[in-house]
Amino acid sequence: MEILVKEKILIIQTAFLGDAVLTLPMIQKLKEKFPNSAVTVLCIPSTKELFTLSQSVDNLIVYDKKGEQKSLLDFIRLIFKIRREKFSFVYSPHRSLRSTLIMFFSGAGSTTGFDISSMSFVFKQKIKYVKEKHETARNLDMIRYDTSLDNWRVLPVVKIDEKAAERANSILNQITNRKLALVAPGSVWDTKIYPKDNLLEIIKYLIGKNYHVALIGGTDDQKICEEIESRFDGGIISFAGKLSLSESIALLRKGSLLITNDSAPTHLGMIADIKVLTIYCSTVPEFGFFPYNSKSRYVSLSGLECKPCGIHGHKRCPIKTFECGNNLLPEKVISVLEELLQD
């Protein structure tokens, strides 16, 4: 009788939420390839809920690398914990030196990472990081999944609990005779944030088209969302900092479309599989983080010598003009939005 060995696999992804979402398709296909495996994800506290919602993830190791576990001693303890698990395979979509060291000291028989990762020479398997590809495709390359043509467009899948679904339904019941449009105005990086006055014009357009607008984001986005909400007499409500990740995804699934910056909500929109319009200020879609379901679009101002000014953006414009955001006029965004709404 054939004995099916349950391989133990570790995925190292200690980046922000958006990067974590784009790791899910890789994990899903890995689980399909090795259905008897036990997949563990090493993540940070802010992405714990996301990986908990994935049915392709069996276990989590939560590493608070910038908080309670930031000391060298805590890092060493983490290494020993991972070694005790005796993983057969370790994959690291995350490319930092710390992630490389974790993989190197893991004791796993097979270690795989990108060739541009810090100290990539220690990996037993190096995968070429193709800049021209989408991040989802690059991650799928790591497990040697066929990413030719459009095969890479694998949407991330999570399971939403009944409580989150009920919260989304209760919000939707407050909206009478209107469609729901979601807007995520914030970002970790200030130069990724589309100017508020420009965004107000787009929200006015949506309300005029009989949409009820829900502003979403984390606690750090509460201020900008409340400022935007205060500029309208009705037709808009802020949920920034008031919803769990599961509730946010459930609400997105109830919506007709999402407008967002080049930030994590773009990728949450892929989980919900709704229409997404991503607005690029200091970054560009060519970096490989654009919305990739067939329903979505993006808009970006081209022809600027200073753009892109960095892959992540900055706290302030390096040349103090912020032309990439200020000169991307609402009229241009609305013209793309109109195309999106017609599809």
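The values are calculated or read from the model by the stated rules, or taken from the named source; none is laboratory data. All of these numbers come straight from a predicted model, not from anything done at the bench. Here the Cβ is made from the backbone with ideal geometry for all residues, glycine too, and neighbour counts use every protein chain on show.
Every condition in (1) in a loop (DSSP other than H, G, I, E, B); (2) of a type in the set (D, E, K, R); (3) under 30 Å from Ser248 (Cβ atoms); (4) in the same structural domain as Leu17 (by TED's automatic domain parsing) is met by Glu132 except one, and the failing one is (3).
Out of Lys320, Lys295, Lys315, Lys307, I need the residue that is assigned to a loop (DSSP other than H, G, I, E, B), in the same structural domain as Asp221 (by TED's automatic domain parsing) and under 19 Å from Ile216 (Cβ atoms). Which one?
Working: Lys320 fails: under 19 Å from Ile216 (Cβ atoms); Lys315 fails: under 19 Å from Ile216 (Cβ atoms); Lys307 fails: under 19 Å from Ile216 (Cβ atoms).
The match here is Lys295.
Among the residues of the range 98-154, count how many are among the hydrophobic types (A, V, I, L, M, F, W, C) and surrounded by fewer than 15 Cβ atoms within 10 Å (Cβ to Cβ). Before the answer, list the steps.
Kept after step one, since they are among the hydrophobic types (A, V, I, L, M, F, W, C), are these residues of the range 98-154: 101-105, 108, 114, 116, 119, 121-123, 127, 130, 137, 140, 142-143, 149, 152, 154.
The next check asks that each one be surrounded by fewer than 15 Cβ atoms within 10 Å (Cβ to Cβ); those that pass are 116, 119, 121, 130, 149.
Residues in the range 98-154 being among the hydrophobic types (A, V, I, L, M, F, W, C) and surrounded by fewer than 15 Cβ atoms within 10 Å (Cβ to Cβ): 5 in total.
All conditions in (1) at positive phi; (2) surrounded by fewer than 23 Cβ atoms within 10 Å (Cβ to Cβ) hold for Gly217, with the sole exception of (2).
Of all the numbered requirements in (1) surrounded by fewer than 21 Cβ atoms within 10 Å (Cβ to Cβ); (2) assigned to a loop (DSSP other than H, G, I, E, B), Ile224 misses one, and that requirement is (2).
Among residues of the range 268-283 that are of a type in the set (Asp, Glu), those with a beta-carbon under 9 Å from a residue that is at pLDDT below 95 at least six positions away or on a different chain give the pairs Asp273/Lys295. Just to be sure before I move on: is Phe290 hydrophobic (A, V, I, L, M, F, W, C) and touching a strand residue (DSSP E or B) at 6+ places or on another chain (Cβ under 6 Å) in the structure I sent? Judged against the criteria, Phe290 is a match. Can you name every residue in the range 253-284 that is within 14 Å of the chain's Cα centre (by Cα) and either in a helix (DSSP H, G or I) or among the basic types (Lys, Arg) (or both)? Within the range 253-284, Ala264, Pro265, Thr266, His267, Leu268, Gly269, Met270, Ile271, Ala272 meet the criteria. Only residues that are assigned to a helix (DSSP H, G or I), of a type in the set (Ser, Thr, Tyr) and closer than 26 Å to Leu172 by Cβ were counted across the range 189-213, and they come to 1. Here the range 169-214 is the region considered, the condition is being among the hydroxyl-bearing types (Ser, Thr, Tyr) and surrounded by fewer than 16 Cβ atoms within 10 Å (Cβ to Cβ), and the residue that is nearest to Arg253 (Cα to Cα) is Ser170. The conditions of being of a type in the set (Gly, Ala, Ser) and in contact with a His (Cβ under 7 Å, 6 or more places away or on another chain) are met by Gly288.
Residue pairs whose Cβ atoms lie under 7 Å apart, sitting 6 or more positions apart in sequence or on different chains, and linking a residue in the range 295-323 that is at positive phi to a partner that is aromatic (Phe, Trp, Tyr) and assigned to a loop (DSSP other than H, G, I, E, B), are Gly313/Trp189.
Just one of Gly67, Gly113, Gly107 is part of a strand (DSSP E or B) and small (Gly, Ala, Ser); which is it? Even if it seems obvious, please write down each step before you answer.
Working: Gly67 fails: part of a strand (DSSP E or B); Gly107 fails: part of a strand (DSSP E or B).
Answer to the selection: Gly113.
Checked across the range 118-136, the condition of being modelled with pLDDT under 95, of a type in the set (Ser, Thr, Tyr) and within 24 Å of the chain's Cα centre (by Cα) holds for at least one residue.
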